[in-house]
Every structure is written in C-alpha cells, then in structure tokens.
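Throughout, read-outs are computed from the coordinates displayed, never taken from laboratory work. Bear in mind the structure is a predicted one, so any value in this text is a computation, not a measurement. All Cβ positions, glycine included, derive from the backbone under ideal geometry; neighbour counts span all protein chains shown.
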Amino acid sequence: MSRLGLGLAAIGLALAGAAVAQGVTGLNPRLPYAATAPDDGLSLGGARVLAPIDADFAERLKKEKARVAGIQPYEVRPAIWKISDADTTIYLFGTVHSLPPGFRWRNPGLEGVIVRADTLLLESVDEGDESTDFMGGLPSDASLPPLLDRVSHRSRSRLAELQGSLPEGLVAQMDKMPSWVAAMGIGYIKDLIAGDMPSQGADDWLEKQFRATGRPVEAIEDSDQVMRNIGEVSEEAQRLMLESAILSPSRSHDELDAVAHAFARGEVGPDSPLVIQSDAFDPSGAMNDPLLAERNAAWVESLIQRLKTRRGTTLFAAGAGHFVGTGSVIELLGKRGLKVERVQ
C-alpha cells in the first residue's frame, strides 16, 4: 500500500500504547542509521522506570525483534532498476512502507546507490509538521452513518465485536472516516491484534538519511489530490471494501512477513507477494485506477520529463507494488521506448 495509507498508523500505534522504537540493532551497515533522540523517561538508581503499559510494550518489542532476527537466513538484495541518458540517471527502488522491527533490507549495492544519488524522489514528503491531521485532504461527508450502519447483517456482528475491543474514542474517530479509510484502518488493527508490530519503512529511513546529509527530498505527486481522487470512488464500492476488511481472516506471522521477505530478496516475478492484489481488499476493483493505474501513468510521465530536464542522479523510492505486475511503472517505461535496466 502507498505512503498515503501511512496516516492510518496513528490508529494502530494508539492501540500499541507507545511509539515503535526506531533503532535497528544487530546490523553493521556501511551507512549509519539515523540516531534516535534519547528518551525522557524516569530513572531510579540509574535504571529506567517505565509505566506498566510502556514496560509491556518494550517487552513485546524485544521479543518481536528476537523473532525477526531469526527469520532472515539469507543475504538481502532488494530490486533496483535504472533509466538514464547522457547526463541523468534515475534509480527506481521499490520499497515497503512498514517493516517488522529490526528487519534487514540494505546491502552494499543499495547503499552505493544511496551514496551516489543527488536527490531523493518519493511518493510524498514528510513536511515535519506534527500538528498536521492525517485526515487532511480526505473528502468528508457529515451525512455518513456510523460504520455499523454501513455494513450488511453478515458482517455487523464481527464489526461490533472488533469495536468492543477498541477504545471508545477510537471507535468514534473511525465512525467519521470515509468507508475506504475505515476499511484500511480495520485491516491494520486486525494485523496488530494478530501480533504484527510494524516499524518504520524503507522510505522513512531514506528520507531521514537524505535530509541528514543535506540532500534534497522531493515528492513526485500531490498526495492530497490523490486522496481526493480515491475519495470519489462510489460509496457502494467503498462499503464492499469495508465488508471485505471485516470478514477477511486474520493473517499469520508468515503471511504478514511474506511481503517484507519478497522485498528484501528482490522477488518481483508474477507470483511475488509484492504484486498488489486489488481483489483482496477491493472486491469491485474500483480502487485500481485512482490508487494504482493513474498514479503509475503519471509517475512515468514525470520520470521521462525528469530525464529530459534534470541532470545528475536521482533515487526514486516508491511502494514496491508499483514496480511489479501488469501495468507497473517498469512495464510502462519500457512501452515508452526507454531501456529499463535491472541493476540489482
């Protein structure tokens, strides 16, 4: 899913009770990870004193990092492509926006690209304004009923059960969401309940790295406009998404980790978990155009224009689902006559 959906992390992390730690231990990357600010927690006799909810989260995070450390018995080699002309090179890097804590995804080949790049190009850019409401830019409709009244009887009891496990304030917040946003949020929450503990994704680290080294970070699209386009999908199609999210079975750790493993291994074939299967969360297929096809086409035009008008080396990092499968950015660039070379 695109970075547009990452505002929904606020929902999941509200349940987690604390922010997921940013540090990734056990690695010796050639490029250092961005430092995390020291905690302002209390200490007693030199030992940290944590509130019970924070202590519980810290213990679960420790166990999750230990689990993740044992599930990558392979050398990471994420997929990278390149397009270029006489004075411009653009590397195309498909990312995963939220990874298990401590998950390895960088290797010398990728870090060499990171070092060479003058500019980082992302789907959207973190402006650093923590006061910004992630709902900003989304269409709103005061006439929308509560979620329970938007779904059929076959899924109402399951939704009521899920809502019963959530804080009242969170339920009230979700009742105000457009149906497609609520559907994504429900999927995210179900994964958290199943044991998923997401951490920062590849794009987050890249953005921090480029900013820390004084290199420009740019956005390839207007995220608010994209979300408005998605919001124009019919309410009927959005409610089918909502029902699908409610009724879909919970995913196991293996299922949750499959996308991250495919990303780290550079598996981009037709059976790759990185391929966006729209029918899994969008039964009507109505989201395909505004969420995937239209954006891929617009990105291709922007990349071609950048080749013609910009000099130097750019790293374009975007959701891996946009670079695999039919209608991908890679396929569309090839159809426009560009040589797309896979360099890793």
The exposure ranking of V324, V76, fewest beta-carbon neighbours within 10 Å first, is V76, V324
Any aspartates and glutamates whose Cα falls less than 14 Å from that of K308, other than same-chain ones fewer than 8 residues away, would be D85, D87
Under the Karplus relation with 6.51, -1.76 and 1.60 and θ = phi - 60°, whole-Hz ³J(HN,Hα) for the stretch 305-322, x at Gly and Pro, equal 5, 5, 4, 6, 10, 10, 9, x, 10, 10, 9, 9, 10, 8, x, 4, x, 7
When H261, H153, H97 are ranked with the fewest other C-beta atoms within 10 Å first, the list becomes H153, H261, H97
With a Förster distance of 25 angstrom and the Cβ-Cβ distance between R251 and A160, calculated FRET efficiency to the nearest 0.05 equals 0.70
So for R0 = 45 Å, FRET eff. of D222-E75 from the Cβ-Cβ r, to 0.05, ends up at 0.75
Most packed first (mean Cβ within 10 Å per residue), the peptides 56-63, 288-295, 198-205 order as 198-205, 288-295, 56-63
Computed for the stretch 186-344: size of charge dipole around the Cα centre, +1 on C-beta of each Lys and Arg, -1 on C-beta of each Asp and Glu, debye to nearest 20, value 1020
From fewest to most C-beta neighbours within 10 Å, the residues Y74, Y91 line up as Y74, Y91
Per the charge dipole of the stretch 267-344 (beta-carbon charges, Lys/Arg positive, Asp/Glu negative, Cα centre), the residue among A318, P290, L303 reaching farthest to the positive end is L303
The answer for the net charge of residues other than S244 whose Cβ lies under 10 angstrom from its Cβ, with Lys and Arg +1 and Asp and Glu -1, is -2
The answer for the net charge of residues other than A260 whose Cβ lies under 12 angstrom from its Cβ, with Lys and Arg +1 and Asp and Glu -1, is -3
